[in-house]
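The values are calculated or read from the model by the stated rules, or taken from the named source; none is laboratory data. In this text, all values refer to a predicted model and were calculated from it rather than measured experimentally. Glycine also receives a Cβ, built like all others from the backbone with ideal geometry; neighbour counts cover every protein chain displayed. What goes into the accessible areas is simple: the full protein's heavy atoms, side chains included, and nothing from ligands, DNA or RNA. Shrake-Rupley method; radii C 1.70, N 1.55, O 1.52, S 1.80 Å.
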Amino acid sequence: MRENHSYFPLFLSMEEKRFLFIGGGKVTARRLSALFSVLQEGNGTKITVVSPKVLKEVENLESQGKLLWIKREFLDKDVENMDFVIAAADDISVNERAVKICREKGILVNDAGKKENCDFYFPAIAKKNDLIAGIIASGKNHKLAAKAGEAVRNLFGKITEEQDL
């Protein structure tokens with residue numbers, strides 16, 4: 001599809017945004033964790049997970065009222081009124097169908113299994129008080145991004161210890 005992506009680090013308000021996660025496995029759990037690490041309570045963000053089964057971590061988030069879990073297979077209509085879609089189903093054809101529908105409707109989509117289908121990436125996040133950094137390696141090296149994220153988290157710790165922010 002698209003080979004030469006250029007990515008601009010843009011920090012968006014999550015207030016009142018609507019997310020759809022297709023699939024309830026490890027990728028969804030990791031991305032939900034990243035998302036919840038920066039979300040503030042009561043900002044109106046709505047998160048829906050569509051999957052017949054989910055990991056315990058995802059189920060726990062539902063029981064805490066942090067997301068809605070729809071216990072069935074993905075349907076095309078599920079993307080309606082969403083701002084962001086994360087296609088992380090175990091079935092590649094489901095993810096590709098979701099990407100196609102989202103592109104037709106102008107919805108930003110992330111295909112967990114195919115970086116060429118991603119309009120955005122989930123970065124490694126470093127957060128300390130009001131400092132937030134997101135780090136990606138253009139979808140090419142998740143371990144490198146994670147390592148850089150850890151280094152920035154350590155740096156944030158040193159900065160906030162040295163200065164009264």
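Overview of results
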item	result
Among the candidates Lys143, Lys127, residue that is basic (Lys, Arg) and touching a residue at least 60 places away in the same chain (Cβ under 8 Å)	Lys127
Hey, Asp76 touching an Asp or Glu at 6+ places or on another chain (Cβ under 9 Å), among the charged types (D, E, K, R) and over 23 Å from Asp130 (Cα atoms) or not	no
Those residues of segment 137-165 which are outside any helix (DSSP H, G or I) and either over 23 Å from Asp90 (Cα atoms) or at pLDDT 80 or above (or both), in sequence order	Ala137, Gln163, Asp164, Leu165
Exclusive hit being touching a strand residue (DSSP E or B) at 6+ places or on another chain (Cβ under 6 Å), among the β-branched types (Val, Ile, Thr) and open to solvent by less than 30 Å² (accessible area, probe 1.4 Å), set Ile86, Ile101	Ile86
Matching residues in segment 70-83 - criterion: being crowded, with 16+ Cβ neighbours inside 10 Å and within 16 Å of the chain's Cα centre (by Cα)	Val79, Met82
